[in-house]
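Just below is one structure, and these are the notes that go with it.
No value in this document is a laboratory result; all are computed from the given coordinates. As the structure is a computational prediction, the values presented were derived from the model and not from experiment. We place every Cβ from the backbone using ideal geometry, glycine too, and count neighbours over all the protein chains shown.
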Amino acid sequence: MDFETFFDIYMQPRGGNLLHRDGIEFRYAAASLMIACSRSDFDQDPEETRLIKQILATSFKLSENTLDRLIEFAQQASEATYLEQITELVNRQFSDRDKRFLLEKLWAVAYADGRIEDLETAFIEQIAKGINMSATDVATARTLARQEFA
């Protein structure tokens, strides 16, 4: 199944309500953005991939099989051509609290290999802008991620 079909079936929200963190749409969006972040410096470190799996497994209580399918989809959805759709979905359908959660996890992925590259910072700031998060939100998420994951 291609991304467009998958997005329309599984990620496109039905109705006008905000999406919840325990929903499948939230999981796919979070996984896609974290994988895109890990690729943003053109060096997807194995430690970043390990941390993404750990975050997804612990944050969403996923089985190994579900986690593998989620990662497989997110690899495809993290392509630049799809990130705009995912960012728009996050902006429209996620609460500010959940947006801050995502920012923190993006910073955690960036810290996973022991260094923050300029391209990773630019990627996170671009996503933050796309989801209407402030510079304060970005800085707070970075501090929280550094404390928890660095």
Karplus-derived 3J(HN,Hα) from phi for region 135-143 (6.51 cos²θ - 1.76 cosθ + 1.60, θ = phi - 60°), whole Hz, x at Gly and Pro, runs 4, 5, 4, 5, 5, 5, 4, 5, 4
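What do you get for GluC sites (Glu not before Pro) in region 18-125 restricted to DSSP loop and a cutoff of at most 10 other Cβ within 10 Å of the site's Cβ? Present the calculation step by step, with values, prior to reporting the outcome.
Numbers: sites: E25, E47, E48, E64, E72, E79, E84, E88, E104, E117, E120, E125; in loops: E79, E117.
Sites meeting the loop and neighbour criteria: none at all.
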Note on region 30-105: contact order normalised by length, alpha-carbon pairs under 8 Å, 6 or more apart, percent, works out to 41 percent
Mean 1/r over distinct Cα pairs of region 42-118, inverted to a Kirkwood Rh in Å, yields 13.6 Å
Placing each pseudo-label 7 Å from Cα in the direction of the beta carbon, L119 and A135 end up separated by a distance in nanometres of 2.6 nm
Residue-ordered couplings for region 49-56, obtained by feeding phi - 60° into the Karplus form 6.51 cos²θ - 1.76 cosθ + 1.60 and rounding to whole Hz (Gly and Pro as x), are 4, 4, 5, 4, 4, 5, 4, 5
Relative contact order of region 23-149 (C-alpha contacts under 8 Å, at least 6 apart) in percent is 33 percent
Around T140 (Cβ within 14 Å, Cβ-to-Cβ, excluding T140; K/R +1, D/E -1) the net charge comes to +1
For region 23-149, the count of lysine pairs 8 or more apart or interchain whose alpha-carbon atoms are under 19 Å apart comes to 5
